[in-house]
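The values are calculated or read from the model by the stated rules, or taken from the named source; none is laboratory data. This one's a predicted model, so the numbers in the text were calculated from it and none came from an experiment. Glycine gets a Cβ as well: all are built from the backbone with ideal geometry, and neighbour counts include every protein chain shown. Note: accessible area is taken over every heavy atom of the protein model, side chains too, but ligands, DNA and RNA are not part of it. Shrake-Rupley method; radii C 1.70, N 1.55, O 1.52, S 1.80 Å.
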Amino acid sequence: MNAAKPFDEMHAADGTIRTHYQPYSEWLGHTPRELIARKRKEADLAFHRVGITFNVYGADGGKERLIPFDLLPRIIPGDEWRTLEAGLRQRVRALNAFLADIYHGQEILRAGRIPADQVLDNAQFRPEMKGVHVPGGLYAMIAGIDLVRAAGADGKGDYYVLEDNLRVPSGVSYLLENRKMMMRLFPDLFSRYDVQPVEHYPDLLLETLRAVAPAGVLDPTAVLLTPGAFNSAYFEHSFLAQQMGIELVEGQDLFVEDDTVFMRTTQGPRRVDVIYRRLDDDFLDPEVFRADSMLGVPGLMSAYRAGRVTLANAVGTGVADDKSIYPYVPEMVRFYLGEEPILNNVPTWMLREPDDLAYTLAHLPELVVKEVHGAGGYGMLVGPAATKAEIEEFRQRILAAPEKYIAQPTLSLSTCPTFVDAGIAPRHIDLRPFVLSGGREIRMVPGGLTRVALKAGSLVVNSSQGGGTKDTWVVG
Amino acid sequence: MLSRTADHLYWMARYTERAENTVRMLDVSYRMSLLPGANGGDTESWSAILDISELSEAFARTGRPLSACDVIEFVVLDRDNPSSVWNCLRAARENAHAVRGTLTAEMWETTNATWLEIREMTPQKLRATDLGEFFEWVKFRSHLLRGVTFGTMLHDEAFKFVRLGTFLERADNTARLLDVKYHSLLPKAEGLTSSTDFYQWGALLRSVSAFETYRHVYRDVITPYKVAELLILNADMPRSLHACLDEINGILGEIASIHSAEAARQAGELHATLHYGRMDDIFDAGLHPWLERFLVRINRLGDSIGENFLVPVAA
């Protein structure tokens, strides 16, 4: 997986166009560059308008940066997607089983498949959740699983799970807006491809939320809880609430009485059954978690533990997506489902283990080292891109607390051709599908959000670090 | 709907309406100041402007002279004056922003564009601007938002709270305008004695877009009694107190809940006063005391609407 040349989604190693990109390539061949440039401007303008609509706020009138959108779609052949889909279902089922287990019987710990201290001493493990029954035994109803693809020895691109996001994964609004934009800009392209639709995501999400309502509630009322208009993902909160036709509430709109959650409406208090919360655990309830939180609802945890309201996602899911637990996910699949994992994990060295630590310290310039509680691409060392001084500095940090770190080989993420100033050039990409668990089945819209590192050679796709997005097509 | 959402919609409309009515008042004083012999407007008419909006003290604290230019700058642009047109349009836009998902794209774009434009306005620019044109601009931005709201928004509960805000603010503002102007213009009992009076009453009518309306309704010379009648009791005149209370009373009937009895009662009572009231009785009681009492009642109604719908005390 350390092949010198990254896997390209459009071009085979010999430079020929892969089959599923041929109609696009042909279209590109006879489409004047001026037209593309014009469409690009049109897209910028339209997004800017949406951006202004949603992101220019604050007393100072400051603007939020828009996330750049690339016009060249990332195309995934249908059979490839079907394998991914099966793998994602399997993985999310195992993760939910793991969460149910560690907050109840803790069988996986007693079986010795995961060291107990790794779970119980994890800052993301919430003792408050022990023994709490959640509807359907589901904890992560909405999961964002980050996939990357690297060139295998045989020149094939192998998918790997880079990270599970089980707390408040975001980005789905871009997935939906990107598709809308592509269909608006290039309707003719959609007549050349049988692109599987994604527009029904809000319906699936609403069904998911209603399916996990407390037992006995026939017509559940769901709301979306946002930290407020100054949160960077507020656009998405407002967008999803509007698309689902549910109320977008802030903590101050809710109150708890007799272990029941109500929202303040013009017609008096109205009971709330399901809260799709886009607020971290720490801020949910000042009586239980951070006492200084103005964003949460006092008494919410008490109502939740009494089973009078459902939180999606549940409290305490962070322990399952922590980097220190990640290496054990394949083990969860085997333990709970009795199946072999369909999706690969990236090989990972856990630096709490002396052998792994020794290997890592000897190979720092080749490896990526990540802090276990970090998120968003901070607190990590990318060996091949680091200077000697940076590596030495990081070595000291590792030695001071090896249990805080994991190491992985530097994956050469796959590339996809992308419009850049100089024309079209390959840029590294990843993929975040959104997996919904509620009721009997696990569902998702085909594809996911493709993020692209717009800087040449960069492997960091995070929007906070200059990443952009692409429309993602699952075809056939 | 969420009380907080209703609250933001209601105040978006109130602040927009307030900005519009503020420039309507400025416009009438400005026009009067341009009349022959007016010498750029006496200080009295400018202090009246400040009285209407209860801003005299705040203005005095700025230490500025009571001149047309200073009063206009203070009322239009002053950042520290919470009722300035600049602050009203900022507040309207902030309220709109907080409930962006409830507004249509056109409504948001209208109120946002208004703010983005006035945000750039400075005293220097205002001095270089044709004031009449600027006042027209503010009025038309308000017209536009109201029209866009009416023409694009689902006429559901959210819409009704927008309208409620508009008419509550307008009732308050018309009453204030009439109260202050009536008394500053009325030294000469019934009937107009000079052409200046005619122009001044004409300017007052124009400030509420009612000059032609007056002619059409009365086909008579302008008398203060009839001006008051038009702005208080005429239900067809869209800025009259009666018309505003028709709307408020009707809307409160439509959005009623078991928690809103008090607001409904007050609105019904106030509406009846206008619906069945007679001008002679109002004048017998004294127009000024009557209007003062009206202002107290409309503000109480605003408080009740707040308590019953927008910031429910129940918790």
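Annotations
- Just one of the listed residues (A:ARG334, A:ARG290) is part of a loop (DSSP other than H, G, I, E, B), away from chain B (no Cβ under 14 Å) and basic (Lys, Arg), namely A:ARG290.
- Condition met for A:ARG192 (at pLDDT 95 or above and open to solvent by 20 Å² or more (accessible area, probe 1.4 Å)): no
- Pick from segment A:235-259, criterion in contact with a helix residue (DSSP H, G or I) (Cβ under 6 Å, 6 or more places away or on another chain) and within 23 Å of B:ASN308 (Cα to Cα), ranking: farthest from the other protein chains (Cβ to nearest Cβ): A:VAL256
- Comparison of A:GLY152, A:GLY136, A:GLY171 shows that the only residue that is more than 30 Å from A:HIS428 (Cα to Cα) and touching a strand residue (DSSP E or B) at 6+ places or on another chain (Cβ under 8 Å) is A:GLY136.
- Restricting attention to segment A:5-43 and to residues that are open to solvent by 90 Å² or more (accessible area, probe 1.4 Å) and of a type in the set (Asp, Glu), the residue that is farthest from A:GLU80 (Cα to Cα) turns out to be A:GLU34.
- For the residues A:GLU177, A:GLU199, the requirement of being open to solvent by 10 Å² or more (accessible area, probe 1.4 Å) and in contact with a strand residue (DSSP E or B) (Cβ under 9 Å, 6 or more places away or on another chain) singles out A:GLU177.
- Residue match in segment B:243-254 (condition: of a type in the set (S, T, N, Q), under 21 Å from B:GLU17 (Cβ atoms) and open to solvent by less than 60 Å² (accessible area, probe 1.4 Å)): yes
- Of the helices (runs of 4 or more DSSP H) contained entirely in segment B:255-309, those carrying at least 3 residues that are within 14 Å of another protein chain (Cβ to nearest Cβ) fall at B:261-276.
- Taking the criterion of being touching a helix residue (DSSP H, G or I) at 6+ places or on another chain (Cβ under 8 Å) and more than 19 Å from B:TYR15 (Cβ to Cβ), the residues of segment B:126-150 that qualify are B:LEU126, B:ARG127, B:LEU131, B:GLY132.
- Residue count, segment A:235-261 (criterion: in a strand (DSSP E or B) and not hydrophobic (A, V, I, L, M, F, W, C)): 3
- Checked against the criterion of being assigned to a helix (DSSP H, G or I), surrounded by 17 or more Cβ atoms within 10 Å (Cβ to Cβ), hydrophobic (A, V, I, L, M, F, W, C) and modelled with pLDDT under 95, segment A:51-72 contains one or more residues that satisfy it.
- Segment B:79-104 residues that are on the phi < 0 side of the Ramachandran plot, paired with ones that are charged (D, E, K, R) (beta carbon under 6 Å, 6 or more apart): B:SER84/B:ASP78; B:CYS88/B:ARG18
- Being exposed (fewer than 14 other Cβ atoms within 10 Å of the Cβ) and either among the aliphatic types (A, V, I, L, M) or at pLDDT below 95 (or both) holds for only one residue in B:THR110, B:THR122, B:THR104, and it is B:THR122.
- Test: residue in segment A:462-475 that is touching a His at 6+ places or on another chain (Cβ under 8 Å), part of a strand (DSSP E or B) and surrounded by fewer than 22 Cβ atoms within 10 Å (Cβ to Cβ): yes
Yes/no per residue for (1) out of contact with any Lys or Arg (no Cβ under 8 Å at 6 or more places or on another chain); (2) assigned to a helix (DSSP H, G or I); (3) at pLDDT 90 or above; (4) open to solvent by 60 Å² or more (accessible area, probe 1.4 Å):
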| site | (1), (2), (3), (4) |
| --- | --- |
| A:PRO341 | no, no, yes, no |
| A:ASP355 | yes, yes, yes, yes |
| A:TYR359 | yes, yes, yes, yes |
| A:VAL368 | yes, no, yes, no |
| A:TYR378 | yes, no, no, yes |
| A:ILE391 | yes, yes, yes, no |
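- Those residues of segment A:295-308 which are under 14 Å from A:PRO220 (Cβ atoms) and either crowded, with 24+ Cβ neighbours inside 10 Å or among the charged types (D, E, K, R) (or both), in sequence order: A:ARG308
- Those strands (runs of 3 or more DSSP E) of segment A:137-234 in which at least 3 residues are in contact (Cβ under 8 Å) with a residue 40 or more places away in the chain and within 14 Å of chain B (Cβ to nearest Cβ), considering only elements entirely within it, cover A:222-225.
- Residue match in segment B:56-72 (condition: surrounded by fewer than 22 Cβ atoms within 10 Å (Cβ to Cβ) and touching a Lys or Arg at 6+ places or on another chain (Cβ under 6 Å)): yes
- Failed condition for B:PHE159, given (1) away from chain A (no Cβ under 11 Å); (2) open to solvent by 50 Å² or more (accessible area, probe 1.4 Å): (2)
- Qualifying residues in segment A:433-450 (those that are modelled with pLDDT under 95 and part of a strand (DSSP E or B)) - the one least open to solvent (accessible area, probe 1.4 Å): A:GLY438
- Whichever residue in segment B:32-47 is open to solvent by 10 Å² or more (accessible area, probe 1.4 Å) and outside any loop (DSSP other than H, G, I, E, B) and, among such residues, is modelled with the highest pLDDT: B:SER47
- Taking each residue of segment A:392-405 that is farther than 14 Å from A:VAL368 by Cα and looking for partners that are open to solvent by less than 60 Å² (accessible area, probe 1.4 Å) and assigned to a helix (DSSP H, G or I) with beta-carbon atoms closer than 6 Å, six or more apart or interchain, yields A:PRO402/A:LEU357.
- B:GLU120 passes every criterion in (1) within 14 Å of another protein chain (Cβ to nearest Cβ); (2) within 25 Å of B:MET153 (Cβ to Cβ) apart from (2).
- Taken over segment A:262-277, residues that are within 14 Å of chain B (Cβ to nearest Cβ), part of a loop (DSSP other than H, G, I, E, B) and in contact (Cβ under 8 Å) with a residue 24 or more places away in the chain amount to 1.
- Just one of the listed residues (B:ARG79, B:ARG90) is within 14 Å of chain A (Cβ to nearest Cβ) and not in a helix (DSSP H, G or I), namely B:ARG79.
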